[in-house]
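Single-structure report; data block below.
The values are calculated or read from the model by the stated rules, or taken from the named source; none is laboratory data. All values reported here derive from a predicted model rather than from experimental measurement. Using ideal geometry, Cβ is built from the backbone for each residue, glycine included, and neighbour counts are taken over all protein chains shown. Each accessible area value is taken on the protein alone, full model and side chains, heavy atoms only, with ligands, DNA and RNA left out. Shrake-Rupley method; radii C 1.70, N 1.55, O 1.52, S 1.80 Å.
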Amino acid sequence: MKKINRYYFQVLIPILFLFSLPVFAVEQAGVVIIASGEVFAIEADNNQRKLRRRSKFFEGETLRVNDNSKAQVRFLDGTLVSLRADTEIRVDAFHYDENSNGDQDKNFFTLLKGGFRTITGAVGKNRPEAHQVNTPVATIGVRGTHYSAVFDTDLYVGVWQGGVSVKNEKGTIDIGMDAAFNFAQVANIHQSPK
C-alpha cells in the first residue's frame with residue numbers, strides 16, 4: 001500500500017498537474033508554397049525545423065532561406081512573399097480573422113537580412129497601418145502593394161504596384177502610388193531614406 005501511495009505522489013500527481021496548466025497556442029501565420037533547397041523555421045527557443053511545401057509557419061518564428069535556396073510563403077490573409085537565397089525574416093506579430101471586422105488583424109515582420117518580393121493580402125489592403133516590415137535601418141509601411149525589399153548593409157525598396165512609405169528616425173519617403181519615385185535606399189539608421 002505504501003508503494004502505491006508513493007507512486008501517486010511521485011508520478012501521477014505531477015503528471016496531472018502538468019495537464020492542468022493552461023496551454024498557450026501560437027497562432028499560425030501561414031503556409032509554405034514552395035521550398036527549394038534549405039529552408040527552415042527557427043522558433044523563439046532556437047529549435048529549428050526544415051520547411052517544405054505545405055509546411056505551416058507561426059507567429060514568433062524566423063524563416064531562414066540558406067544560400068542556393070528559395071521559398072515562397074502565403075500568409076493566412078493572402079499576403080504572398082517570395083524569399084530569395086540567404087534571407088531571414090521574423091514573423092513578429094500576426095493575426096487574421098476573415099470573419100471579423102478586421103480591427104484586430106495585423107501582419108508585422110522583420111527583414112533581418114536578404115530580400116523578398118511581396119504582394120500584400122487582406123491586412124495590407126484593409127488596414128494598411130496594421131501591416132509593416134521592420135528592418136535594422138527603416139520601417140516599410142504599405143498601401144495595398146506589390147513591392148520588393150533587399151537588406152544587406154543598405155536597404156533597397158522598389159514598388160511595382162501600389163505604394164509604400166519608408167521611414168526611420170531621420171525621415172520618410174513615399175514611393176510608388178502618386179509619388180515622384182518608385183525606388184528608395186536607406187544607407188543606415190542615421191540617414192534619411194532617399
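Please give the charge dipole size of the chain, origin at the Cα centre, charges +1 on K and R Cβ atoms and -1 on D and E Cβ atoms. Round to the nearest 20 debye.
800 debye
Convex hull volume of the Cα atoms in the chain, per residue, in Å³? Before the final figure, lay out the partial values.
Values: hull volume 30.7 nm³, N = 194.
For the chain, the hull spanned by Cα atoms encloses 158 Å³ per residue.
Longest segment of the chain with no GluC sites (Glu not before Pro) in a DSSP loop having at most 12 other Cβ atoms within 10 Å? Walk me through the numbers before you get to the answer.
Working: sites that count: Glu98, Glu169.
Value returned for the longest uninterrupted segment is 1-97.
Calculate for the chain the 222 nm mean residue ellipticity that helices alone would give, adding -39,500 (n - 2.57) per DSSP H run of length 4 or more and normalising by residue count, nearest 500 deg cm²/dmol.
Details: 3 runs with 19 residues, N = 194.
Calculated at 222 nm, the ellipticity per residue is -2500 deg cm²/dmol.
May I have the convex hull volume per residue, in Å³, for the Cα set of the range 36-86?
Numbers: hull volume 3.6 nm³, N = 51.
Convex hull volume per residue, Cα atoms: 70 Å³.
Express the carbon and sulfur contribution to the solvent-accessible surface of the chain as a percent, rounded to the nearest whole number, probe 1.4 angstrom. Don't skip to the end; give the middle numbers.
Working: 5840 of 11260 Å².
Here it works out to 52 percent.
I want to check a number: in the chain, how many lysine pairs have alpha carbons closer than 24 Å, given a sequence separation of 8 or more or different chains?
The result is 15.
Would you work out which of Phe181, Val39, Gly78 lies farthest towards the positive end of the dipole of the chain? Charges go on Cβ: Lys and Arg +1, Asp and Glu -1.
My answer, from the dipole projection, is Val39.
What is the sum of charges around Ser192, taking Lys and Arg as +1, Asp and Glu as -1, for the other residues whose C-beta is under 10 Å from the C-beta of Ser192? Could you put the intermediate results ahead of the total?
Numbers: positive: Lys167, Lys170, Lys194; negative: Glu169.
Charge balance in the 10 Å sphere: +2.
Around Leu63, what is the net charge, scoring Lys/Arg as +1 and Asp/Glu as -1 over all other residues with Cβ under 9 Å from its Cβ?
Numbers: positive: Arg64, Arg90; negative: Glu61, Glu88.
Once positives and negatives cancel, what remains is 0.
Among Asn134, Leu63, Tyr96, which residue has its Cα furthest toward the positive end of the charge dipole of the range 36-143, with +1 on Lys/Arg Cβ and -1 on Asp/Glu Cβ?
Leu63
Can you tell me the accessible area per residue over the chain, all protein chains present, probe 1.4 angstrom, in square angstrom? Don't jump to the answer; show the numbers that get you there.
On the way: 11260 Å² over 194 residues.
For the chain, the per-residue accessible area is 58 Å².
Sketch the reach of a paramagnetic label on Ile42 as a point 7 Å from Cα along Cα-to-Cβ, and name the residues of the range 71-112 whose backbone nitrogen lies under 11 Å away.
87-90, 112
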